[in-house]
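> This is the structure I have questions about; it appears just below.
The values are calculated or read from the model by the stated rules, or taken from the named source; none is laboratory data. Here the structure is a predicted model, which means the values were calculated and not measured. Counting neighbours? That spans all protein chains shown, and the Cβs are built from the backbone with ideal geometry, glycine included.
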Amino acid sequence: MQCANCRFENMPGVAACGRCGSSLRLATAVMDVQPPRATAFAKRWRRWSLPTQRGWRRFWDTCLTATSRFIHAFGDTPELDMPLPRVLARLVVPGWAHIYCGHRWRGGVFLVLFAACLLPGLLYWGTALGANLLGLAFGIHASATLDLIWQGRYGFLHRMAMSLTSSAVLVVGLYLPVGLVLHCLAAPRVLEFVGQPFEAGDVLLVNRWAYVRTPPQPGDVVCFWRHDSPVFQTERGVNMRVPAGEDIDRILAGPGMKVVWENGTLQLDGLATPWQPLNTAVAPQRWQVTVPKDTYLIYPSIIQGALTPAHRQSLSLVAAKDIQGKAYFRWQPLSRWGRIR
Amino acid sequence: MSRFDRLEMDQSSDGKEQPSERDDPVRDERYWLGLAVENRRTGCYESALRYYSRALENDKTLVAGWLGQMQMLVALEEYPEADLWGRKALEIFRNNGDLLAGRAQALCRAGDRKKAQDLCDGSLRQEGQSSYRWQVRGELLVAAAQELDRHCFDKAVLLDADWLVPLEIALIYRHHGYPTKAQLWARQAVEKAPQAPYCWYLQGRCEMDLNLIRQAKKSFEHCLELAPKHADAERSLRELAQSSGSWKFSLRQLFGRR
């Protein structure tokens, strides 16, 4: 029986060609001979997107060549054989690429370990434990990446070079952007003083982009920059100086508002408000002030002891440009986890 | 049965057979394959694809049918489908050089040049030679903007003197944006087959790409003389007439690519 592919003469009754392996029972086989067709929409889409895909492919090939040259600088190596782009894209989540390639158990282990470190790390965000757990999560992520990329046998130096390269890619490509976004949207800050409703040691999340569109409002708990103050005396004669640094406190009044503080009640422009300084123990008995333009009234909660009227005004008025963000969530302790209202 | 062998039915007095009995062709795979190639030579790739499929329905062992389907899918710009179909064909006809070349062409046009190169190298390593494998090799070199494409195409023409070969080479150059080279090969096809309307049509398109408006018009008119119902040539002539007065045309004349 002659093979239709390579014209080799096979023995009768044989199922596959002895030379090329093609099936000899093709003539009687039941199979579809109609090829798959693209829809008109798919063809239009491809016409538009193909130049972009080609561009990305060239960019990817260039990156591979550059990485290969970097690694080859450490000595002769077998040709770098990287996984497919669609596999590499799944490395964003540790274990996903392994599962996609069929290594289910290994992928599952990486995924579970990563989740076990990442989730508690995020839960303890802003604390030392959280930082350690997030560091472990990154280590597991880097290990999963390297486990997939190392497809051949490489020497120690090459593996070090690949470790550095993949860690750098992970840091620059994933963790740095995510970290920057988190730093702006959820920067953790630890309170050092007691002020209702907060306690010392509370970790608050600060949103640095909260006031991009709308200005701060009275009642907002904000993170602001306090400038160095001169040495001053409290009413009890204690010398004090407030160093420069970030601080968290509540805004009591906005620009142009007339503030009257009397017997624990705050009035803004003649209307009573529910807001009070975070640390009412250090608030004066009676106080009247008009907030200048472009400044906000934030009574300093960190100062122990009542202030003289002259120093009270200078320390309480914060320029609008020094307000860095809004503290909107109490992250720690977990027993009082929730939004700040 | 032997007793029916000498039956004489519907014969004329001089014993000659009636022409009507022999006019109906036998619609086997060769018939459909012939129709497919005929349509391919006129640029009707959809019909050619259908006829290749019909040929395969009759005989699935026809490698030319599978190859023709892949080539038509590539001509119709359905590259992922051509690649998929090539993979299926290669499961049946393992390591067939032409099928490997077909997959290489589909992948090259889809943008995956590295894989296409590997497949093309594999196809040239297989037994036998064919013009198509060298055409695909040349296309890969064109896509990579390397200089040796001319040698591959010359080799392809040496292996097969059919006019379809220079025509398809012209199509390859045109696809990759080299209208000058495409026009040279289209002219070769026209010289080999001056009676083929599709060659004139392709020459006209290449001349349009080069803004050689008068020459293009002549080519399309010649195409219409040979095939009065050639819709693409009519459309191209209308396009020429409409664009000749526009500002876009003037800009193309000044800054158009050669």
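> Considering (1) part of a loop (DSSP other than H, G, I, E, B); (2) within 16 Å of the chain's Cα centre (by Cα); (3) more than 11 Å from chain A (Cβ to nearest Cβ); (4) of a type outside the set (Val, Ile, Thr), say which one B:Glu147 fails and leave the rest.
B:Glu147 satisfies every listed condition except (2).
> Oh, and also: Quick check on this structure: which one of A:Ala42, A:Ala38 is modelled with pLDDT of 80 or more, outside any loop (DSSP other than H, G, I, E, B) and either closer than 22 Å to B:Asn58 by Cβ or within 9 Å of chain B (Cβ to nearest Cβ) (or both)?
One residue alone meets the criteria, A:Ala42.
> Now for a different question. Of the numbered conditions (1) buried (at least 22 other Cβ atoms within 10 Å of the Cβ); (2) of a type in the set (A, V, I, L, M); (3) under 13 Å from B:Leu33 (Cα atoms), B:Ala82 fails exactly one; give the number of that condition.
Only one criterion is unmet by B:Ala82, namely (3).
> For B:Val165, state whether it is buried (at least 17 other Cβ atoms within 10 Å of the Cβ) and either away from chain A (no Cβ under 12 Å) or of a type in the set (Asp, Glu) (or both).
The answer is yes for B:Val165.
> In addition: In this structure, does A:Pro218 turn out to be surrounded by 12 or more Cβ atoms within 10 Å (Cβ to Cβ), more than 30 Å from A:Gly139 (Cβ to Cβ) and either in contact with a strand residue (DSSP E or B) (Cβ under 7 Å, 6 or more places away or on another chain) or not charged (D, E, K, R) (or both)?
Criteria met by A:Pro218.
> Can you confirm whether A:Leu146 is out of contact with any Gly (no Cβ under 7 Å at 6 or more places or on another chain), over 28 Å from A:Pro255 (Cβ atoms) and modelled with pLDDT of 85 or more?
Spelling it out, it is not the case that A:Leu146 is out of contact with any Gly (no Cβ under 7 Å at 6 or more places or on another chain), over 28 Å from A:Pro255 (Cβ atoms) and modelled with pLDDT of 85 or more.
> Out of all the residues in the range B:88-127, which are surrounded by fewer than 24 Cβ atoms within 10 Å (Cβ to Cβ), away from chain A (no Cβ under 11 Å) and of a type in the set (A, V, I, L, M, F, W, C)?
Answer for the range B:88-127, where residues must be surrounded by fewer than 24 Cβ atoms within 10 Å (Cβ to Cβ), away from chain A (no Cβ under 11 Å) and of a type in the set (A, V, I, L, M, F, W, C): just B:Leu124.
> Please state which of the following conditions A:Pro83 fails to meet, knowing it meets all the rest: (1) within 27 Å of the chain's Cα centre (by Cα); (2) modelled with pLDDT of 75 or more.
(2)
> While we're on this one: Just to be sure I understand the filter: pairs with C-beta atoms under 6 Å, separated by 6 or more residues or on different chains, first member in the range B:80-93 and modelled with pLDDT of 90 or more, second member of a type in the set (D, E, K, R) and in a helix (DSSP H, G or I). Which pairs pass?
B:Asp83/B:Arg103; B:Gly86/B:Arg103
> Considering only the range A:189-206, I want to know if a residue exists there that is under 29 Å from the mean Cα position of the chain (by Cα), loosely packed, with under 14 Cβ neighbours inside 10 Å, basic (Lys, Arg) and at pLDDT 80 or above.
Within the range A:189-206, not a single residue is under 29 Å from the mean Cα position of the chain (by Cα), loosely packed, with under 14 Cβ neighbours inside 10 Å, basic (Lys, Arg) and at pLDDT 80 or above.
> Something else now. Filter the range B:39-57 for residues that are assigned to a helix (DSSP H, G or I) and touching a residue at least 60 places away in the same chain (Cβ under 8 Å) and give the result.
Selection gives B:Arg40, B:Arg41.
> Please work out which one of (1) closer than 30 Å to A:Thr265 by Cβ; (2) of a type outside the set (A, V, I, L, M, F, W, C); (3) modelled with pLDDT under 90 is the condition A:Ser167 fails and give its number.
(1)
> A follow-up question, please. Out of curiosity, is A:Gln324 more than 28 Å from A:Leu123 (Cβ to Cβ), in a strand (DSSP E or B) and at pLDDT 75 or above?
So A:Gln324 does not fit the description; no.
> Identify all residues within the range B:108-143 that are under 19 Å from A:Arg19 (Cβ atoms) and either of a type in the set (Ser, Thr, Tyr) or not in a helix (DSSP H, G or I) (or both); write none if there are none.
If the condition is that a residue be under 19 Å from A:Arg19 (Cβ atoms) and either of a type in the set (Ser, Thr, Tyr) or not in a helix (DSSP H, G or I) (or both), then B:Ser123, B:Gln126, B:Glu127, B:Gly128, B:Gln129, B:Ser130 are the ones that fit.
> Another question, then. Could you check the range A:230-274 for strands (runs of 3 or more DSSP E) lying wholly inside it with 3 or more residues that are surrounded by 12 or more Cβ atoms within 10 Å (Cβ to Cβ), more than 33 Å from the chain's Cα centre (by Cα) and not small (Gly, Ala, Ser)?
Filter on the range A:230-274 gives A:258-262, A:265-268.
> Something else now. Taking the options B:Gly86, B:Gly102, B:Gly68, name whichever one is assigned to a helix (DSSP H, G or I), out of contact with any Gly (no Cβ under 9 Å at 6 or more places or on another chain) and among the small types (Gly, Ala, Ser).
Of the residues listed, the single one that is assigned to a helix (DSSP H, G or I), out of contact with any Gly (no Cβ under 9 Å at 6 or more places or on another chain) and among the small types (Gly, Ala, Ser) is B:Gly68.
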